[in-house]
1. At 0.36 nm per residue, and after removing the present C-alpha to C-alpha distance, how many nm does the segment from residue 38 to residue 99 gain when stretched out fully?
2. What nm distance separates the two modelled labels at residue 90 and residue 30, each placed 7 Å from Cα along Cα→Cβ?
3. Provide 182, 114 in ascending order of the number of other Cβ atoms located within 10 Å of each residue's Cβ, fewest first.
4. Exposure proxy check: 57, 49 ranked by fewest other beta carbons within 10 Å?
5. Ranking request for peptides 146-156, 32-42: highest mean number of other beta-carbon atoms within 10 Å first, then the rest in descending order.
6. What is the order of 65, 58, fewest Cβ neighbours within 10 Å to most?
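Each reported figure results from applying straightforward, stated rules to the coordinates on display, with no laboratory input. Quantities reported herein were computed from a predicted structural model and do not represent experimental measurements. No Cβ is skipped: glycine too gets one built from the backbone with ideal geometry, and neighbour counts run over all protein chains shown.
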């Protein structure tokens, strides 16, 4: 059975869409594939749910670390696509501030970070707890969830490119570590297949 190039490209685009399709109302990133130190990545779990409505982004952060570990979250880092020029945190969440171009240890510099400045509870997100943030998005829309979940962190200074990261702190032992989520190899490969095939068609049609 023979397939045309158009058919192959359509299949690749369809597969990419299925891999990157949002789960429910929003797109979910699940930490942690990587840890910045000897702390196991399994101890640094969190869920980031990005939901977009018009020019408004809602980021819901859930700390999924085991209670026995005692790790709280005091910062979350993420990137945006080039069509987004800024974010504004509204209404303000007590004790948290939005910063641009923040470094997350070995995972590089991210476009934005939401960071608590209260030090310990109640500012941090404890195990099993969730906290939501709402942002006004500035740029050229329409905006979608993948505008906040598809870009790599800037490396160097980081050693591992990541889609997002969080800083976990343990008040009892004064330990801290960064956990991050990296892109799935399958989705990256399918994207490359689709882009490569489209480029081949353009060259053939000139």
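1. My answer for the length gained is 19.2 nm.
2. The answer from the label model is 3.5 nm.
3. Fewest-to-most Cβ neighbours within 10 Å comes out as 182, 114.
4. 49, 57
5. Descending mean neighbour count gives 146-156, 32-42.
6. So the ranking, lowest neighbour count to highest, is 58, 65.
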